[in-house]
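Trainee: Okay, handing you the structure first.
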Amino acid sequence: MEKIKIVIVDDSPFSISILKDLLEEQEFEVIGEASSLEETIKVVKEKKPDVVTMDMTIPGTDGLECTRAIHQIDENIKVIIVSSMKDDEIVKKAKENKVAGYVQKPADPEELSIVIKRAMADDNLLKELQGIYCDLFKESLTNNLNRIAKTIPIYEESIKLSEINDSRGISVVIGIIGKCSGRMVMDLSYETGKKITETALKREVKSIDEALAMVGEFANIVAGNACSMLNKKNKIFGLRVAPPTIFHGESLHLSKSNIQTNSIVGQTDFGEICLNIGFKRGEEEWM
Amino acid sequence: MDVRWINPFIEAFLNVMPQIGFQEIKKNNISVKSSSLTSSGVMMNLGVVGDLKGNVIYNIDLEDAKKIASKMMMGAPVLELDDMAQSAISELSNMLTANASINFSNMNISTNISIPTLMYGKDFEVKVNVDQFICVQMLVDQIPIDINIAVHE
């Protein structure tokens with residue numbers, strides 16, 4: 001495995017030298033150092049580190065301002081505060097500035113190593129999930145549609161990095177909770193929902209409510225099965241689904257999400273079924 | 001359905017709303033609703049699992065959502081509920097529910113929440129998985145925000 005690349009920001013050359021030795025002993029690669037805001041910006045832009053260790057007291061600036069500057073360059077860089085000060089107020093401010101961890105000076109080598117590795121692991125976990133979830137949600141939709149209606153969807157070649165925006169009529173929202181949290185939206189037209197329900201029940205639907213309930217349950221099963229399959233791939237995901245909420249109407253829109261989502265569009269005998277899925281990294285639990 | 005589930009949300013409003021510049025936060029009314037809601041406006045849905053299971057759905061009128069987004073964006077005018085504004089409102093629902101989740105944990109009720117999904121439109125209906133649930137209407141600087149607490153134990 002590649003070594004985790006680190007930049008050290010500290011105003012004291014003595015501290016930098018101690019931290020550098022300590023990190024290198026723990027098998028990290030120290031690729032740069034900085035003692036001011038300007039130097040921090042320069043070295044982060046040039047060296048592209050995975051992690052920055054950050055002192056809180058830096059002349060002319062502070063650790064939090066430097067953290068914000070780093071995240072403006074690349075918000076995926078993990079900033080870990082290594083400071084002699086640690087109290088509730090500072091920790092709260094650090095969290096507000098999206099700091100990934102906090103270690104008090106003098107830094108314990110083992111503690112610092114664990115904090116760095118944990119910050120990186122969360123990121124790798126999300127990447128792993130993002131690499132596989134589309135295929136497994138597709139597989140789950142295929143299996144379950146086949147099970148209830150003896151037909152399988154044909155998927156559009158490309159998975160769209162986009163949103164549904166305008167609902168086809170029925171949108172079932174399912175929240176997903178776990179080490180990475182997310183959501184799935186199943187979107188289809190009234191006509192499609194009605195046809196699937198009639199095929200599954202082998203009779204005409206009595207009311208729109210019957211079709212809505214059926215589609216809600218179907219979405220729940222698709223999401224639940226997909227998450228089980230994902231958990232089997234890596235049990236650290238620990239994904240669980242919340243109950244479905246069914247939105248429907250002629251003029252209904254799904255907002256662009258704060259996270260990157262993928263849309264899977266399946267053509268079926270009953271019409272289009274669209275799944276829009278997205279995950280984000282779990283909240284840091286470093287307190 | 002339990003009245004103890006109301007306070008964690010009210011406390012969340014009292015905590016979070018002043019941080020984004022709202023001054024007067026109060027509870028307007030509390031009602032019990034049945035499994036479906038109709039709305040014209042904006043709804044944010046967050047899934048909940050843990051000791052409580054279900055969904056928390058916030059409902060705001062479209063014009064009011066723009067006002068809140070504007071406040072969150074340092075007073076920048078919000079004429080349309082564009083991507084930025086939707087993002088701000090989504091983030092608000094996330095902050096409120098995460099805060100409520102912490103309040104629940106102080107009552108030894110452990111909950112985890114999903115990311116928010118924001119839906120908006122005209123005359124749409126929402127069906128939740130519980131027969132009856134509590135709706136708390138908060139007023140933040142006179143703007144009504146409904147919190148539909150559609151969870152069960």
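The values are calculated or read from the model by the stated rules, or taken from the named source; none is laboratory data. In this text the structure is predicted, and so the values were computed from the model without any measurement. Cβ placement follows ideal geometry from the backbone for every residue including glycine, while neighbour counts extend to all protein chains displayed.
Trainee: Between a residue in segment B:51-79 that is within 13 Å of another protein chain (Cβ to nearest Cβ) and any residue that is buried (at least 20 other Cβ atoms within 10 Å of the Cβ) and of a type in the set (D, E, K, R), which pairs come within a Cβ distance under 7 Å, given they are 6 or more apart or on different chains?
Mentor: Partner pairs satisfying both residue conditions: B:Tyr58/B:Asp146; B:Asn59/B:Asp146.
Trainee: Next up: Looking at A:Ser113, A:Ser140, which one is over 25 Å from A:Leu37 (Cβ atoms), assigned by TED's automatic domain parsing to the domain that holds A:Lys194 and of a type outside the set (D, E, K, R)? Let's see the steps before the verdict.
Mentor: Details: A:Ser113 fails: assigned by TED's automatic domain parsing to the domain that holds A:Lys194.
Residue meeting the stated conditions: A:Ser140.
Trainee: Another question, then. Identify the residue in segment B:100-126 that is farther than 28 Å from A:Ser251 by Cβ and assigned to a loop (DSSP other than H, G, I, E, B) and, among all such residues, is nearest to the other protein chains (Cβ to nearest Cβ).
Mentor: Checking each candidate, the answer is B:Ser110.
Trainee: Among the residues of segment A:66-87, is any modelled with pLDDT under 95, more than 27 Å from the chain's Cα centre (by Cα) and farther than 17 Å from A:Lys105 by Cβ?
Mentor: No, because not a single residue in segment A:66-87 is modelled with pLDDT under 95, more than 27 Å from the chain's Cα centre (by Cα) and farther than 17 Å from A:Lys105 by Cβ.
Trainee: Return yes or no: is B:Leu92 touching a residue at least 24 places away in the same chain (Cβ under 8 Å), surrounded by 23 or more Cβ atoms within 10 Å (Cβ to Cβ) and either more than 22 Å from B:Ser35 (Cα to Cα) or hydroxyl-bearing (Ser, Thr, Tyr) (or both)? Please lay out each step first, then the result.
Mentor: Numbers: touching a residue at least 24 places away in the same chain (Cβ under 8 Å): yes; surrounded by 23 or more Cβ atoms within 10 Å (Cβ to Cβ): yes; either more than 22 Å from B:Ser35 (Cα to Cα) or hydroxyl-bearing (Ser, Thr, Tyr) (or both): yes.
Spelling it out, B:Leu92 is indeed touching a residue at least 24 places away in the same chain (Cβ under 8 Å), surrounded by 23 or more Cβ atoms within 10 Å (Cβ to Cβ) and either more than 22 Å from B:Ser35 (Cα to Cα) or hydroxyl-bearing (Ser, Thr, Tyr) (or both).
Trainee: Ok, one more. What is the number of the single condition among (1) in contact with a strand residue (DSSP E or B) (Cβ under 6 Å, 6 or more places away or on another chain); (2) part of a loop (DSSP other than H, G, I, E, B); (3) more than 12 Å from chain B (Cβ to nearest Cβ) that A:Cys274 does not meet?
Mentor: Against the list (1) in contact with a strand residue (DSSP E or B) (Cβ under 6 Å, 6 or more places away or on another chain); (2) part of a loop (DSSP other than H, G, I, E, B); (3) more than 12 Å from chain B (Cβ to nearest Cβ), A:Cys274 comes up short only on (2).
Trainee: Right, another one. So which of B:Gln137, B:Gln132 is more than 11 Å from every other protein chain (Cβ to nearest Cβ), part of a strand (DSSP E or B), out of contact with any Leu (no Cβ under 8 Å at 6 or more places or on another chain) and modelled with pLDDT of 95 or more? Step through it out loud before you land on a result.
Mentor: Working: B:Gln132 fails: modelled with pLDDT of 95 or more.
From the options B:Gln137, B:Gln132, the qualifying one is B:Gln137.
Trainee: So which residues in segment A:244-256 are touching a residue at least 60 places away in the same chain (Cβ under 8 Å) and either within 7 Å of chain B (Cβ to nearest Cβ) or out of contact with any Gly (no Cβ under 8 Å at 6 or more places or on another chain) (or both)?
Mentor: Within segment A:244-256, A:Pro244, A:Thr245, A:Ile246, A:Phe247, A:His248, A:Gly249, A:Leu252, A:His253, A:Leu254, A:Ser255, A:Lys256 qualify.
Trainee: Here are the criteria: (1) crowded, with 17+ Cβ neighbours inside 10 Å; (2) closer than 30 Å to A:Ile208 by Cα; (3) modelled with pLDDT of 90 or more. Tell me which single one B:Val32 does not satisfy.
Mentor: (1)
Trainee: Any chance segment A:38-46 includes a residue that's in a loop (DSSP other than H, G, I, E, B) and either out of contact with any Pro (no Cβ under 9 Å at 6 or more places or on another chain) or more than 13 Å from A:Ala119 (Cβ to Cβ) (or both)?
Mentor: No, segment A:38-46 has no match at all.
Trainee: For the condition surrounded by fewer than 22 Cβ atoms within 10 Å (Cβ to Cβ), within 14 Å of chain B (Cβ to nearest Cβ) and among the basic types (Lys, Arg), what is the one hit in A:Arg147, A:Arg118, A:Arg183, A:Arg168? Write out each step before concluding.
Mentor: Details: A:Arg147 fails: within 14 Å of chain B (Cβ to nearest Cβ); A:Arg118 fails: within 14 Å of chain B (Cβ to nearest Cβ); A:Arg183 fails: surrounded by fewer than 22 Cβ atoms within 10 Å (Cβ to Cβ).
The conditions single out A:Arg168.
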